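Laboratory data are not the source of any read-out in this text; all were calculated from the coordinates shown. Since this is a predicted model, take the numbers as computed values, not measurements. So basically every Cβ, Gly included, is an ideal-geometry build from the backbone, and we count neighbours across all protein chains shown.
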Amino acid sequence: MPLLSAASLACAADLSEQDYFTELPEVLTVTRLAQPLSDTPGAVTMIDREAIRRSGARDVTELLRLAPGFIVNHNGSGARPVASYHADYDGIVRHLQVMVDGRSLYSSLLVGTSSYAMMGLVLEDIERIEILRGSNSATFGANAFMGVVNIVTRHAMDSHGKMVAVNLGEGGVRDGMARIGWGDRSASYRLTVARQGDAGYANQADDKKIEQGHFRADWRLSSSDELMLTAGHARYALGLQDSTTAAGRTEFWRNSYLNLNWTRQLNATDALKLSANFDNERYIDFFPYYRADGVSQRSEFEMQHVFSAGTDWRFVWGGQYRREQVVSGDLFPQQPTQRFQVWRGFGNIEWRPHTQWVLNVGGLVENHSIVGTSTAPRFMVNFHALPGHTLRAGTTTAFKQPTLFELRTDWRDSNGVAKFRATGNARAERVDATELGYFGNFHRWRLTADVRVFNEQIHSLLGYSVPPGGTANDVVNKVANSQYGWESQLRWRPWDGTELWANYTRLRLIPEAASPAPQDRYRAPRNISSIAWFQSLPYNVEMTLIHYMVAERFVIRLSDLIPDFQQTDLRLARKFSMGTTKAEAAVMVRAAGGGDLDFVERNRPAYYVDRRIHASLRLEF
């Protein structure tokens, strides 16, 4: 997707809180066109660099509690935090597209997920996070099934100098990072290394250690040409405890990437962008009686063209080629090397027939070399009823393609007995979503409000079933279900130094064929809410209070009924200087109100999030 120029990023970094509440920030996640929140064809949550710092979060998953509709927990392992939007169908989080500087974090291995890669990011390098709450295959194709989390890292020019940070505390928390940035306006560079570790749940063998390094370079080749290069490597060792035995094991995952983006500004409104991305993953896990070992490679090449026709029409169009390959003798014993190719074309038209109306019409066509062709149209209209007040309505279709595991696996135990054998009949999952929305910017009260009412008809969800006369699970498409409800997002700055965020989601899921099983009725929690209070205090002290609540729910195939979960986090921080060095010291109390039940797995002890205290220090020089 299009990147902001160095100058644009520098300007964005200089925006004051007052600017935020008077001039709406522009987002790129919805259509690939830069649009203010009042014009986007969908509901968007913005989390900027300041909110990330003040939240005290240790990873991106924690930050998603600040957006409406997100279920954030660990699904039975403190080493693997997960976040899903609306229903969490199987605890793996396969329906959320997460991107960093235009690079997809979606894994090619096993059944696909973004959860692993979200742990392999350094929060100090992030400029902002744009979260589209709703389906967006019309822009990003497969995997943008329920929503998109678009992470934009800081321009290398904005992070010159050095930074070190440490975070130590109860529960074995041992985090550290170091960063150096150098260069000038024509060429800037940043190198970041980090390590994160903790002991997970108090009563489970689920310790975690993540080591990572990231590099970014930004070159201004000419007055109209910019080139960005990012590269990195992350290595994970995640402790797990098997659900059927007391034995623990360690799951290993490694990821390396290289991403190139070249942008040419053709004139004041038109731009051309070419991108190339290369990813490599390695996964090793030894289950009792099973083994999962595989390597995946993904290559992507994309072209995008943005242009205008007069003052009322804007267009974006382009195409992408993607090739994915997985090599695994465990998952594909008959033919270890499996691959597919994807071609896609996308486009969006923004038309302003009147000063009060904005229409967005677009879509995507994607051809998968195994599954076939899928389409994702979108139509949305925004009506500016009054200055600062927008109504929106529209519909879209999204899809998720099966992974190579879901199409071709023949996974066997140590005795050679097949446990998962895909017949290759799996089709793409599909959701038809309709929504009504309201966005209000109350300048006088320094308040913004966003309300989304949605109906999501979900078809052909993938699941597992043993065919008649068979012994192994096949991957099959199930009958349809639906979910509907509403959600709201309020951000209020009643006076200088105080900012309040309040989110609420009311959700109802109707299972396939009116299933009487309680696991189906409670696959989605009825209520999700969060409140964040950011308060500046005298003597450069800051306070943050975040309360998160999610109602009772099941995680299919994994859990018993998980009761209502609540967590309250408190952070106190003080900024100070030591000569030319800027410093911040902070204390974070997680689950300040006491531990709450996070996960209940069949025939296993209950897992609680216990109260833990961390202390951190950050130095910039």
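Computed from the Cβ-Cβ distance with R0 of 25 Å, the FRET efficiency linking Tyr608 to Leu500 stands at 0.30.
Cβ-to-Cβ counts within 10 Å put Leu258, Leu33 in ascending order as Leu258, Leu33, the fewest first. Near Arg254: Cβ cut-off under 13 Å, other residues only, Lys/Arg at +1 and Asp/Glu at -1. The net charge is -3. Computing FRET efficiency as 1/(1 + (r/R0)^6) for Ala615 and Trp313, where r is the C-beta to C-beta distance and R0 is 60 Å, gives about 0.65. Working from Cα pairs under 8 Å separated by at least six residues, relative contact order for the chain is 12 percent. Rounded to whole numbers, the Karplus 3J(HN,Hα) couplings from phi for the range 471-480 are 10, 10, 6, 9, 8, 10, 8, 8, 6, 6 Hz, using 6.51 cos²θ - 1.76 cosθ + 1.60 with θ = phi - 60°, and x at Gly and Pro.
What is the gain in length, in nm to one decimal, between Phe383 and Ser536 on full extension, counting 0.36 nm per residue of separation less the C-alpha to C-alpha distance? It would help to have the intermediate numbers written out before the result.
Numbers: separation 153, 0.36 × 153 = 55.08 nm, distance 3.67 nm.
Between Phe383 and Ser536, full extension yields 51.4 nm more.
Computed from the C-beta positions of Phe301 and Trp351 and an R0 of 45 Å, the FRET efficiency is 0.90 to the nearest 0.05.
For a 29 Å ceiling on Cα separation, which of these pairs sit above it: Lys208/Lys478; Lys162/Lys208; Lys419/Lys478? Pairs exceeding the cut-off: Lys208/Lys478.
3J(HN,Hα) along the range 291-297, derived from phi through the Karplus expression 6.51 cos²θ - 1.76 cosθ + 1.60 where θ = phi - 60°, amounts to 9, 10, 9, x, 10, 10, 9 Hz, with x in place of Gly and Pro. Spacing of the modelled spin labels on Arg291 and Asn415, each 7 Å from Cα toward Cβ, amounts to 1.8 nm.
Which entry in (1) 1.23; (2) 0.93; (3) 1.10 is this structure's computed Cα Rg over 2.2 N^0.38 Å? Given (1) 1.23; (2) 0.93; (3) 1.10, the structure-derived one carries the label (2). Helical runs (DSSP H, four residues minimum) scored at -39500 (n - 2.57) apiece and divided by the length of the chain put the mean residue ellipticity at 222 nm at -1500 deg cm²/dmol. Straightening the chain between Asn455 and Arg526 buys 24.1 nm, computed as 0.36 nm per residue apart minus the Cα-Cα spacing. All other residues with a Cβ under 13 Å from the Cβ of Phe442 taken together, and with Lys, Arg as +1 and Asp, Glu as -1, what is their net charge? Within the 13 Å Cβ shell, the charges total +3. Placing a label point 7 Å from the Cα of Thr434 along the Cα-to-Cβ direction, the residues of the range 467-483 whose backbone N falls under 19 Å of that point are 480-483. Amide H contacts of Ala187: Arg220, each under 5 Å away and 5 or more positions distant or on a separate chain (H built 1.01 Å from N in the peptide plane; Pro and chain starts excluded). Considering only Pro353, Phe399, Gly463, and ranking their Cα positions along the charge dipole of the chain that arises from unit charges at the beta-carbon of Lys, Arg, Asp and Glu, the one farthest toward the positive end is Gly463. Under the simplified labelling scheme, the Trp445-Ala268 pair shows an inter-label distance of 3.7 nm, with each label point 7 Å from Cα along Cα→Cβ.
Once the Cα-Cα distance is subtracted from the 0.36 nm per residue extended length, the Leu597 to Ser577 segment shows a gain of 3.1 nm.
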